[in-house]
Structures are given as structure tokens and as C-alpha cells.
Amino acid sequence: MKLNIKYIFLSVLSAAFLLTACGSEPQQTETDTQSEAEAAAETALSSGDLYTSLTESGLFSELTPLDGDYMLNIFGTDTSAYTDYAAGEALDVMNADTIVIFNTDSDDLAADAAEKLEVYKQRKIDELTDYNPSQLPKTEAAEVKTNGSFTYLLICDDTDAAEELLEGFIK
């Protein structure tokens, strides 16, 4: 009798395991969907990613990053209005190398960023005319451009190569 109880118990236990293993796929919860959206956002290209790629390319002299307060003073804009931004100017004040990238989520913000970058470029040209005209050619050759959600200004000795590199990452 004791042996039969063991077999019955093992049979019931095995049946329970089989029934639970044959269940349907677990339904996706809102938390799972939210996690997937967050993961996609984390893998999206940011201005910081582009900035890092450009600074590591060797096309720019050593740059010092520009924080939000500096951007507010120079561009007159609160950087929190943009999806993100990254900017840096040459550590050596005698060099005009500059990277400024705004990531925007609307055409209006992109146009605003482009306008601010044009004003910044002209101000830089005016300053260089007085104290370091040797840096004028690369500053004058630089163009404010928009590609996708990014509006940017790149100033370096080989702006074409820098723009090509940047646009390769954006595509």
C-alpha cells in the first residue's frame, strides 16, 4: 500500500509539471513594452555619440566641452529645449576648431538652432579677423547643416572629411 501511495503521488506530481509546462506564451505586459521602448531610446544616436566620434577621429585639435551655462551665454538658448546637444571649442584659444551639434525633435527647433549657429559662426569670424586671421579660411569655409534631427557646425582643417564622417554615422 505504501508503494502505491508513492506511485500515485509521483504520478500526480508529474501530471502537474506537464500541465504547467504546456501553457501558452506569457503575455507581454506594459512594463515589458516600456522596457523595450527605453532600450530602443538608449541605442538611438545622440549628439554626444557624434561628438565623441568626431573628437576621436583626429580631425580636430583638443577640444574642451561646453556646458549648458556656456551655451546659454553664447547661443542665448536653454539647451533643455533640445533632445540633446554636444559642443566643444579648441582648448588652444589661437585655434578655431569647433564642434556644435544640436539634436532636435521639430523643424522649428532645427531652424532656431541653425540660426543660432550662423550668428555664432559670424561672431567667430569677426573675432578672428582681429586677433588670428590665419584661422579665418577654415572658419569661413564651415557651413551650418541639418541632417535628420541633427543641426551642426564643424570647424576644422578638413571640414569636408569631418562632415562626411558625421553624415556616415547619421545614416
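Taken about its Cα centre, the range 53-171 carries a charge dipole of about 60 debye when Lys and Arg each add +1 at the Cβ and Asp and Glu each add -1 at the Cβ. Considering only protein heavy atoms and a 1.4 Å probe, what is the carbon-and-sulfur percentage of the accessible area of the range 38-171? Carbon-and-sulfur percentage of accessible area, whole number: 48. Across all Cα atoms of the range 79-171, the radius of gyration (one decimal) and Dmax (whole number) stand at 13.2, 39 Å. Orientation-averaged projection of the range 127-169 equals 3.2 nm² [convex hull of Cα atoms, one quarter of hull surface area]. D for the range 43-94, whole µm²/s, Stokes-Einstein with Kirkwood Rh over alpha-carbon pairs at 10 °C and 1.306 mPa s: what number? Taking Rh from Cα pairs, D becomes 132 µm²/s.
The values are calculated or read from the model by the stated rules, or taken from the named source; none is laboratory data. Being a predicted model, the structure only gives us computed values, none of them experimental. Backbone-built Cβ (ideal geometry, glycine too); neighbour counts: all protein chains shown. Remember, those area values only see protein heavy atoms, side chains included, never the ligands or the DNA or RNA. Shrake-Rupley method; radii C 1.70, N 1.55, O 1.52, S 1.80 Å.
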